[in-house]
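Novice: Just dropping this structure here.
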Amino acid sequence: MTRAVPDKGTNGLQWEAGAISCAEWTGVKLRDVLADAGLDLASPGPDAKHAQFEGAEAYGASIPLSKVLDSQGDVLLAFGMNGAALPADHGFPLRVIVPGNVAARSVKWLKKITVSDEESTTQWQRRDYKCFGPNVAKPDWSKAPSIQEMPVTSAITRIQRPEAGGKVNVEGYAYSGGGREIVRVDVSIDHGKTWAQAELMDDAGRGSKSWWWKRWRFVIPDEGDKGGEVLVKATDESYNTQPEDYHGIWNQRGNLSCAWHGVHVGPGERAKKEVEAK
């Protein structure tokens, strides 16, 4: 997410908690394509450090070549999505999928791939997706690395009481970059004083890494149905967990905002709640 805090704005769109999706992609591994094109995967050479991608309308980005060459990196040239041909809005006829990384690296409408000794020179690589400290108002863009993997995050997407007098059901998603699996989701109904663990779903199996989100659900106990804010935070397999608020991670662009997510619900409320950021 990109997020401002009440007393500080950001130079960027406020995506909040809903700018995410999870899809099944069909394609070929980029490492295999590069091998067929003559690249020595075992010894690509000292100048082969980055894979640059150029899409339509001059959009471009890059990732470290090591991510491409990793047999478990799963970087794809995708031509299918969810069992069908790749839709135009999602990059038809061909796009890059870089699982575990920010979506800005998964270039759509792919036109060209270059193995280079430097990152892509586009603004989307060199400026837009970088992160600085909360005190930095005028960043020197050359002093920070481009964002690649995402931090651990989670969100509440639905709060519902199925029937009058029934228990309150809370649902949402959790995700961590780099293929790190979500191992725990904690929910609080008393402003973070105490926590309980949500039930994790989508556990049918995993491939080389955990590239997808983890859905979760939680039932608020009867004695806890007093209204107020429902909070959620997630922890991944490396025991990275979300910070409490955005103040300590604020940055000029609002990137990598991953603090606890909260949604207010009234006592005995029956209506479905849409996602709203804390």
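Novice: Could you grab me the full set of residues in region 32-52 that are among the acidic types (D, E) and under 23 Å from A78 (Cβ atoms)? Quick ask: steps written out before the conclusion?
Specialist: Filtering region 32-52 down to residues among the acidic types (D, E) leaves 32, 36, 40, 47.
Answer for region 32-52, where residues must be among the acidic types (D, E) and under 23 Å from A78 (Cβ atoms): D32, D36.
Novice: If you don't mind, another one. Can you name the residue in region 125-160 that is aromatic (F, W, Y) and surrounded by 18 or more Cβ atoms within 10 Å (Cβ to Cβ) and, of all such residues, is nearest to W216 (Cα to Cα)? Show your work before the answer.
Specialist: First, the residues of region 125-160 that are aromatic (F, W, Y): 129, 132, 141.
Those left that are additionally surrounded by 18 or more Cβ atoms within 10 Å (Cβ to Cβ): 129, 132.
Details: Y129: 29, F132: 31 Å.
Here the residue is Y129.
Novice: Regarding P93, is this residue at negative phi, at pLDDT below 95 and in a loop (DSSP other than H, G, I, E, B)? Please lay out each step first, then the result.
Specialist: Numbers: at negative phi: yes; at pLDDT below 95: no; in a loop (DSSP other than H, G, I, E, B): yes.
For P93, the condition - at negative phi, at pLDDT below 95 and in a loop (DSSP other than H, G, I, E, B) - is not met.
Let's see how each residue does on (1) outside the structural domain of H261 (by TED's automatic domain parsing); (2) within 17 Å of V263 (Cα to Cα); (3) at pLDDT 95 or above; (4) surrounded by fewer than 16 Cβ atoms within 10 Å (Cβ to Cβ):
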residue	(1), (2), (3), (4)
Y173	no, yes, yes, no
G177	no, no, yes, no
I189	no, yes, no, no
T194	no, yes, yes, yes
M201	no, no, no, yes
A204	no, no, no, yes
G207	no, no, no, yes
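Novice: Is it the case, given these coordinates, that E229 is at pLDDT below 95, loosely packed, with under 12 Cβ neighbours inside 10 Å and more than 30 Å from P139 (Cα to Cα)? Break it down stepwise before answering.
Specialist: Working: at pLDDT below 95: yes; loosely packed, with under 12 Cβ neighbours inside 10 Å: no; more than 30 Å from P139 (Cα to Cα): yes.
Spelling it out, it is not the case that E229 is at pLDDT below 95, loosely packed, with under 12 Cβ neighbours inside 10 Å and more than 30 Å from P139 (Cα to Cα).
Novice: Looking at L110, L30, can you tell me which residue is surrounded by 12 or more Cβ atoms within 10 Å (Cβ to Cβ) and either over 30 Å from G254 (Cβ atoms) or hydroxyl-bearing (S, T, Y) (or both)?
Specialist: Values: L110 fails: either over 30 Å from G254 (Cβ atoms) or hydroxyl-bearing (S, T, Y) (or both).
Step by step, each of L110, L30 is checked, and only L30 is surrounded by 12 or more Cβ atoms within 10 Å (Cβ to Cβ) and either over 30 Å from G254 (Cβ atoms) or hydroxyl-bearing (S, T, Y) (or both).
The values are calculated or read from the model by the stated rules, or taken from the named source; none is laboratory data. Predicted model, so just to flag it, every value in this text is computed and none were measured. Cβ coordinates were reconstructed from backbone atoms using ideal geometry, including for glycine residues, and neighbour counts include every protein chain displayed.
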